[in-house]
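I have placed the structure first, in the form of structure tokens, so that the comments after it can refer back to it.
The values are calculated or read from the model by the stated rules, or taken from the named source; none is laboratory data. Keep in mind that what you see is a predicted model, and the values were worked out from it rather than measured. Note: ideal-geometry Cβ built from the backbone for every residue, glycine included; neighbour counts use all protein chains shown.
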Amino acid sequence: MGMPCDTEAIRSDFPILHQEIYGKPLVYLDNAATTQKPHCVIDAVRHYYEKDNANIHRGVHTLSERATADYEAARETIRLFFNARSKKEVIFTRGTTESINLVASSWGDTNVGKGDEILITHMEHHSNIVPWQMLCERVEATLKVVPMNEAGEMDMHAFETLLSERTKLVGVVHMSNALGTINPIRTIIKQAHAVGARVLVDGAQAAAHVAVDVQALDVDFYATSAHKMYGPTGVGVLIAKETVLDAMPPYQGGGDMILTVTFEKTQYNDLPHKFEAGTPNIAGVIGFAKAIEYINAIGLDAIAEREKVLLDYATQKAVAFDGLRQIGTAKDKACVLSFVMDGVHPHDLGTILDREGVAIRAGHHCAMPVMQFYKVPATARASFSIYNTEAEVDALFIALIKARDLFA
Amino acid sequence: MFDLGDLYQQVIIDHTKSPRNFGKLEPCSHDAEGYNPLCGDQLHVYLQIDDDMIKEVKFEGQGCSISTASASLMTEKLKGKSVREFEHLFEAFHEMATADMSEKPDEETLGKLAVLAGVKEFPSRIKCATLCWHTLKSAIEHSDKAAKTE
């Protein structure tokens, strides 16, 4: 903790990084889509399947007890990481998208009605737009959108104006995957609570970069995914206030979410199990906890510091690069360099860079309204992580010169 | 190894930078909108078909180099062709873009269009090359939709 990152040591933790693509060293700069996995996570998943695999919460045999213990220990690791009040507030899901859908269905259907409003921002990812649109259609509520400025920052003045006693929920991305913007969620939550609205924060992009204390933030719902935090795909979490969760009906029915079932009536299980119907992604949850331990071992402060150095280095190069326009220049941003280049379409950039071993993302980043705002069909996006190096940023810009020359 | 230059041949770069038959055709007998939601490529094709002959064909929209060049080359190729010839070319092009690497494109039929054969080595880019052909096909097949512009 507090120590600077030893990038070489960190790189050696990630087996996938040590390979060549078309004869060039892999430069993985698509971390906002998904991060790579360290040995310890891969080993934890493998160990589970090789030694402990069994269904949880029901078997009396040794393997089931081990699997259950590891699964519930993982919940405690994750509780601690987000500082939730108790394990009852930690619901495992398939990922951020399912976490948001759970809230939109279970909480939304019972708490939002005709004439009510849901407030989201212009920089939301599709997964924090569509579930609310669907809810609004079901219950005849209205979806309102907080505008952003040219830098990609939320318009806080407009936010205040749009907030009213009709607002039932504010859905806001903690860190934008398309722009890198970090939103002032503490202020947003405070202002939303002042009009009696709940707040859901989409933390998919943020949780591996910014410390999140759900109690200090007083956030009602915080959703995130393991796979953007060095953990496995297909697993995520919804952290929510126990009092709110208690009052919500189950999202899905099935095994594990019940206490007793008769054909006349079913008694639901207690939190958090009420929201975890069916056999969960046990290996994924165990891998998720290992990923959190990995982050803890390096320290979020050290991670943020290192990533800022990398982003600053890349931003300097981007500013100096002829014909490159950055998309998203918020004062408070992290890890994401989104851009368009004169004369070369982002998809061509993606292909050309790939042949140089450089993996970036080209497209709308599942945030089409953001693309519409900047009047671009797509952007190229390089996103950084703790294992990236300045030399890799150099490789990116050398490849960009190649692309520019090809179309010159 | 398959080289980047095999995909981005000079002809393709040229058609990207100065696409032929770019713009709206008014009036036209057929038109359709093509969209690839995965990458955001968007194009609109316009046709004037008289007596089963493609008298005029134009396109507009935005997309990557491959989709722009493919549409440009397509319009160049199709002007003056019959609808039947279009169908034949559609099959030949589709075959070229998706066939096994070892198979040589039907250059006799395709002519200049064969420069796009490289896309099959870039699986994520095949749709960029075929989008315009599918859009044109739907314009011809759904003439009722185009009727409003007549």
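With the condition kept exactly as written, say whether any residue in segment B:79-90 is more than 14 Å from every other protein chain (Cβ to nearest Cβ), of a type outside the set (A, V, I, L, M) and part of a strand (DSSP E or B). Yes: one or more hits. When A:Val309 is tested against (1) closer than 20 Å to A:Gly152 by Cα; (2) assigned to a helix (DSSP H, G or I), just one condition goes unmet, and that condition is (1). Going by the structure shown, is B:Val119 within 14 Å of chain A (Cβ to nearest Cβ), in contact with a Leu (Cβ under 9 Å, 6 or more places away or on another chain) and of a type in the set (Val, Ile, Thr)? Against the criterion (within 14 Å of chain A (Cβ to nearest Cβ), in contact with a Leu (Cβ under 9 Å, 6 or more places away or on another chain) and of a type in the set (Val, Ile, Thr)), B:Val119 qualifies.
Select from segment A:366-394 the residues that are within 14 Å of another protein chain (Cβ to nearest Cβ), among the polar types (S, T, N, Q) and not in a strand (DSSP E or B) and list them in ascending order. The answer is A:Gln372, and nothing else.
Residues being under 24 Å from B:Asp14 (Cα atoms) and loosely packed, with under 14 Cβ neighbours inside 10 Å are represented in segment B:77-90 by at least one member. Restricting A:Ala302, A:Ala297, A:Ala318 to residues that are under 30 Å from B:Gly5 (Cα atoms) and either without any contact (Cβ under 8 Å) to a residue 24 or more places away in the chain or more than 19 Å from the chain's Cα centre (by Cα) (or both) narrows the list to A:Ala318. Of the strands (runs of 3 or more DSSP E) that lie entirely inside segment A:183-265, those containing 2 or more residues that are at pLDDT 95 or above span A:198-202, A:221-225, A:236-240.
Looking across segment B:99-134, the residues that are polar (S, T, N, Q) and either more than 15 Å from the chain's Cα centre (by Cα) or more than 12 Å from B:Ser70 (Cα to Cα) (or both) come down to B:Ser102, B:Thr109, B:Ser124.
Scan segment A:125-176 for residues that are buried (at least 19 other Cβ atoms within 10 Å of the Cβ) and part of a helix (DSSP H, G or I) and the total you get is 7. All conditions but one from (1) surrounded by fewer than 22 Cβ atoms within 10 Å (Cβ to Cβ); (2) over 15 Å from A:Gly196 (Cβ atoms); (3) not hydrophobic (A, V, I, L, M, F, W, C) apply to A:Glu117; the one that does not is (2). Scan segment A:55-71 for residues that are of a type outside the set (Ser, Thr, Tyr) and surrounded by 15 or more Cβ atoms within 10 Å (Cβ to Cβ) and report the count. Adding up the residues that qualify gives 6. A Cβ distance below 9 Å, combined with a sequence gap of six or more or placement on separate chains, defines the contacts here; from segment B:101-125, residues that are touching a residue at least 24 places away in the same chain (Cβ under 8 Å) and in a loop (DSSP other than H, G, I, E, B) reach residues that are among the hydroxyl-bearing types (Ser, Thr, Tyr) and surrounded by 20 or more Cβ atoms within 10 Å (Cβ to Cβ) in the pairs B:Phe122/A:Thr351. Restricting A:Asp30, A:Asp13 to residues that are closer than 30 Å to A:Ala399 by Cβ, of a type in the set (D, E, K, R) and touching a strand residue (DSSP E or B) at 6+ places or on another chain (Cβ under 9 Å) narrows the list to A:Asp30.
Residues of segment A:11-39 that are hydrophobic (A, V, I, L, M, F, W, C) and either outside the structural domain of A:Phe397 (by TED's automatic domain parsing) or outside any helix (DSSP H, G or I) (or both): A:Phe14, A:Ile21, A:Leu26, A:Val27, A:Leu29, A:Ala32, A:Ala33. Tallying residues that are hydroxyl-bearing (Ser, Thr, Tyr) and touching a Pro at 6+ places or on another chain (Cβ under 8 Å) within segment A:182-232 yields 1. Residues of segment A:47-92 being hydrophobic (A, V, I, L, M, F, W, C), in contact (Cβ under 8 Å) with a residue 40 or more places away in the chain and out of contact with any Ser or Thr (no Cβ under 7 Å at 6 or more places or on another chain), which ones? Hits for segment A:47-92 are A:Ala67, A:Ala73, A:Ala74, A:Ile78, A:Phe81, A:Phe82, A:Ala84, A:Val90, A:Ile91, A:Phe92. If the condition is being touching a His at 6+ places or on another chain (Cβ under 9 Å) and either crowded, with 19+ Cβ neighbours inside 10 Å or not assigned by TED's automatic domain parsing to the domain that holds A:Leu135 (or both), then segment A:233-265 contributes A:Val235, A:Gly236, A:Met257. Testing B:Ala69 on (1) modelled with pLDDT of 95 or more; (2) more than 12 Å from every other protein chain (Cβ to nearest Cβ); (3) surrounded by 15 or more Cβ atoms within 10 Å (Cβ to Cβ), one condition comes back false. Which one is that? For B:Ala69, the failing item is (2). Out of everything in segment A:301-355 that is closer than 27 Å to A:Glu20 by Cβ and surrounded by fewer than 19 Cβ atoms within 10 Å (Cβ to Cβ), what residue ends up being nearest to the other protein chains (Cβ to nearest Cβ)? The residue in question is A:Phe321. Taking only segment B:20-54 into account, find how many residues are part of a loop (DSSP other than H, G, I, E, B), surrounded by fewer than 19 Cβ atoms within 10 Å (Cβ to Cβ) and within 14 Å of another protein chain (Cβ to nearest Cβ). Residues that pass the stated criteria total 2. Look at (1) surrounded by 24 or more Cβ atoms within 10 Å (Cβ to Cβ); (2) modelled with pLDDT under 95 and you find that A:Tyr268 fails only one, number (1).
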